[in-house]
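Structure record follows, encoded as structure tokens.
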Amino acid sequence: MRVFLNYGFARTTMDDIARAADMSRPALYLLFRNKTDIFRAIATSMLEQSTETTRVELAADRPFAERMMAAIDKSFIAMMRLVSGSAHGAELLDIKNSLACDIAASWRADMRTSIARAIEREARRVGVDLPAQGLSAEGVANLLLDGLEGIKSRISAPDEQREAVRCLVRAIERAIRP
């Protein structure tokens, strides 16, 4: 990912990637057809790690808002910090949307499932009937993910993102309280 962050997708060559991986270009071509395949493999790996981090943080033995903030901070804001810290971050996000939109959609579905399960468990723990309130765990999880997308597009500074996320998590926590 460092090579793409340093040079951008368009300027990165297979030779750049091979050098960064400390391998020959022919050896790299044995593993990947082109830099698009490499980019997709990196995106898959990063998003799978993000999903696993979310699951681990949401399963921790802490209050709901702390678990949710830790999950978002370590899986979402950390990724955004990495990408936004690069002069080519915007290009990479655009490329992700065109070259890896299926991977991003799968990640969102996995995140929605993990977050919805945590919301459902918390609602059950505190004795809240979400459907009786006109809510569903999946709907609240989608609301959170949509909020994160809005925060990402509106706020670039990670510390400001974190504060906006904290407000969003507090609102969601209040929605699933008796």
The one condition SER98 fails out of (1) touching a residue at least 40 places away in the same chain (Cβ under 8 Å); (2) surrounded by fewer than 17 Cβ atoms within 10 Å (Cβ to Cβ) is (1)
Meets criteria (in contact with a helix residue (DSSP H, G or I) (Cβ under 7 Å, 6 or more places away or on another chain), under 23 Å from VAL83 (Cβ atoms), of a type outside the set (Ser, Thr, Tyr) and in contact (Cβ under 8 Å) with a residue 40 or more places away in the chain) for LEU148: yes
Six or more apart or on different chains, Cβ atoms under 8 Å: show the pairs whose first residue is in segment 29-44 and more than 15 Å from GLY8 (Cα to Cα) and whose second is loosely packed, with under 15 Cβ neighbours inside 10 Å. PHE32/ALA41
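Look at GLU52 and say whether it is more than 19 Å from ILE172 (Cα to Cα), touching a residue at least 12 places away in the same chain (Cβ under 8 Å) and part of a helix (DSSP H, G or I). Full working, then the answer.
Values: more than 19 Å from ILE172 (Cα to Cα): yes; touching a residue at least 12 places away in the same chain (Cβ under 8 Å): no; part of a helix (DSSP H, G or I): yes.
Criteria not met by GLU52.
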Would you confirm whether any residue within segment 75-96 is in contact with a Lys or Arg (Cβ under 9 Å, 6 or more places away or on another chain) and modelled with pLDDT of 95 or more? no
What about ALA27, is it of a type outside the set (Val, Ile, Thr), surrounded by 14 or more Cβ atoms within 10 Å (Cβ to Cβ) and part of a helix (DSSP H, G or I)? no
Extreme residue, surrounded by the most Cβ atoms within 10 Å (Cβ to Cβ), among residues of segment 138-159 that are at pLDDT below 95 and under 12 Å from ASP73 (Cα atoms): PRO158
If ASP61 satisfies all but one of (1) in a loop (DSSP other than H, G, I, E, B); (2) over 27 Å from ALA171 (Cβ atoms), what's the number of the condition it fails? (2)
Which one of these is in contact (Cβ under 8 Å) with a residue 60 or more places away in the chain and surrounded by fewer than 18 Cβ atoms within 10 Å (Cβ to Cβ): ALA132, ALA104? ALA104
Exactly one condition in (1) assigned to a helix (DSSP H, G or I); (2) closer than 30 Å to ILE172 by Cα is false for ASP37; which is it? (2)
Condition check: of a type in the set (A, V, I, L, M), closer than 24 Å to GLY89 by Cβ and surrounded by 14 or more Cβ atoms within 10 Å (Cβ to Cβ). Does ALA43 satisfy that? yes
Would you say ILE77 is farther than 15 Å from PHE4 by Cβ, in contact with a Pro (Cβ under 8 Å, 6 or more places away or on another chain) and in contact (Cβ under 8 Å) with a residue 24 or more places away in the chain? yes
Looking only at segment 64-87, filter to residues that are small (Gly, Ala, Ser) and in a helix (DSSP H, G or I); which one of those is farthest from VAL126 (Cα to Cα)? SER84
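The values are calculated or read from the model by the stated rules, or taken from the named source; none is laboratory data. Model, not experiment: these values are computed from the prediction. Quick reminder, even Gly has a Cβ in these numbers, built from the backbone with ideal geometry, and neighbours come from all protein chains shown.
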